[in-house]
Amino acid sequence: MKINQEDNTMAQIIDGKQIAANVKAQVRAEVEQLKAKGANPGLAVVLVGNNPASRVYVSNKEKDCAECGFQSYEYALPEETTDAELLALVAKLNADKNVNGILVQLPLPKQICEQTILHAISPAK
């Protein structure tokens, strides 16, 4: 605990890395329970274009999946991908029983309507 000098209130300093590690350990334990019942959680991550910050984020999600015991499926599409092409991929992922979640990395290139793509993702995913 740390005292705020301005108003004498108490502030709690937290260890974000430790909290993240604890959450990942809890998720991993839950994933192991699911696997024991025959389920194998999977996350599909779709990256359109070559935005460096998005690439880092997607790489980190893949590492998180591995730490938690998830399958991860990456789909890297070229910058010139069209709405129709991306919608077709989302429809394919919506129908894939191995994919339990879909993350379409934003921002998308300017020719793609983000809202159209996001609304195409099944709420069940």
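Any idea what the dipole of the chain comes to, in debye rounded to 20, about its Cα centre with Lys/Arg Cβ at +1 and Asp/Glu Cβ at -1?
Dipole of the chain, to the nearest 20 debye: 420 debye.
Residue separation of I19 and L87 scaled by 0.36 nm, minus their Cα-Cα distance, works out to 20.9 nm of gained length. Applying both filters, DSSP loop and at most 16 other Cβ atoms within 10 Å, to the GluC sites (Glu not before Pro) of the stretch 1-101 gives E6, E79, E80. Among the trypsin sites (Lys or Arg not before Pro) in the stretch 34-119, those located in a DSSP loop and surrounded by at most 13 other Cβ atoms within 10 Å of their own Cβ are K37, K97, K110. The modelled label-to-label distance for the pair Q26/K125, using points 7 Å beyond Cα in the direction of Cβ, is 2.7 nm. Just the protein heavy atoms count here, and of the accessible area of the chain at 1.4 Å, carbon and sulfur take up 55 percent. Within the full protein context, the accessible area of T81 is estimated at about 10 Å² for a probe radius of 1.4 Å.
Would you calculate a helix-derived [θ] at 222 nm for the chain, using -39,500 (n - 2.57) for each DSSP H run of n ≥ 4 and dividing by the full residue count, to the nearest 500?
-15000 deg cm²/dmol
Principal axis extents of the Cα atoms in the stretch 20-125, from largest to smallest and rounded to whole angstrom, are 42, 29, 18. Please report the relative contact order for the chain, taking Cα pairs under 8 Å with a sequence separation of at least 6, and give it as a percent rounded to a whole number. Relative CO of the chain lands at 26 percent.
The values are calculated or read from the model by the stated rules, or taken from the named source; none is laboratory data. These numbers were taken from a predicted model, which means no experiment stands behind them. Reconstructed Cβ throughout: ideal geometry from the backbone, glycine too, with neighbour counts over all protein chains shown. Just so you know, the surface numbers come from the protein's heavy atoms only, side chains and all, with ligands and any DNA or RNA stripped out. Shrake-Rupley method; radii C 1.70, N 1.55, O 1.52, S 1.80 Å.
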